[in-house]
Amino acid sequence: MLEGLTEEIIHYVEKDLRKYPDWILRIEASGLGITNRTFKDYNTYDFKSLVESSVEYDEQIKKKIIAIESVYDRRLNEEKRKLIDLRYFQDEPRWKVMQSLKIKNKNEYYKIRDFAIRSFARVLGYLKDD
């Protein structure tokens, strides 16, 4: 595992990467079918309409989409892009990704994955540079 990269950070990044394809669809279809009921957060006593809550959530998603696309397009080589695409965007099992990329062992797979995850973690704000 690369320095600074913890299992918790990997979990957060993987969760965001798996949600990415659905987030794209959500943003493309934004505003369809949202009612104007009030959402009450009793922990913070924050009263917002579903529309307001949805807009805030969409803004958070848009930031993450931009971060994910920037890393994917600018930081990763072809092998790392293919691993991210197959494993997280297409939800393929690890063995199938390894087979597709002609990766012989798990150590090599995790080395490639961890480098890519670390790049995403930095841009998404889960990993701070020292």
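The set of residues in the range 4-20 that are part of a helix (DSSP H, G or I) and open to solvent by less than 40 Å² (accessible area, probe 1.4 Å) comprises I9, I10, V13, E14, D16, L17, Y20.
Is it the case that the range 78-94 has a residue that's at pLDDT below 95 and among the polar types (S, T, N, Q)? No. Go through the range 84-101 and report how many residues are surrounded by 15 or more Cβ atoms within 10 Å (Cβ to Cβ) and either farther than 17 Å from I10 by Cβ or within 17 Å of the chain's Cα centre (by Cα) (or both). So the count comes out to 9. Exactly one residue out of I61, I66 is hydrophobic (A, V, I, L, M, F, W, C), assigned to a helix (DSSP H, G or I), open to solvent by 50 Å² or more (accessible area, probe 1.4 Å) and closer than 20 Å to E28 by Cα: that is I66.
I need the full set of residues from the range 102-123 which are open to solvent by 30 Å² or more (accessible area, probe 1.4 Å) and either assigned to a helix (DSSP H, G or I) or at positive phi (or both), in order please. If you could, list the steps in order and put the result at the bottom.
Quick first cut of the range 102-123, residues open to solvent by 30 Å² or more (accessible area, probe 1.4 Å) only: 102, 104-108, 110-111, 115, 118, 122-123.
If the condition is that a residue be open to solvent by 30 Å² or more (accessible area, probe 1.4 Å) and either assigned to a helix (DSSP H, G or I) or at positive phi (or both), then K102, K106, N107, E108, Y110, K111, F115, R118, R122, V123 are the ones that fit.
Taking every residue in the range 4-20 that is on the phi > 0 side of the Ramachandran plot and pairing it with any residue that is at pLDDT below 95, at least 6 positions away or on another chain, the pairs with Cβ-Cβ distances below 6 Å are G4/L127.
The values are calculated or read from the model by the stated rules, or taken from the named source; none is laboratory data. What you are looking at is a predicted structure, and each value in this text was computed from that prediction instead of being measured. Glycine gets a Cβ as well: all are built from the backbone with ideal geometry, and neighbour counts include every protein chain shown. Remember, those area values only see protein heavy atoms, side chains included, never the ligands or the DNA or RNA. Shrake-Rupley method; radii C 1.70, N 1.55, O 1.52, S 1.80 Å.
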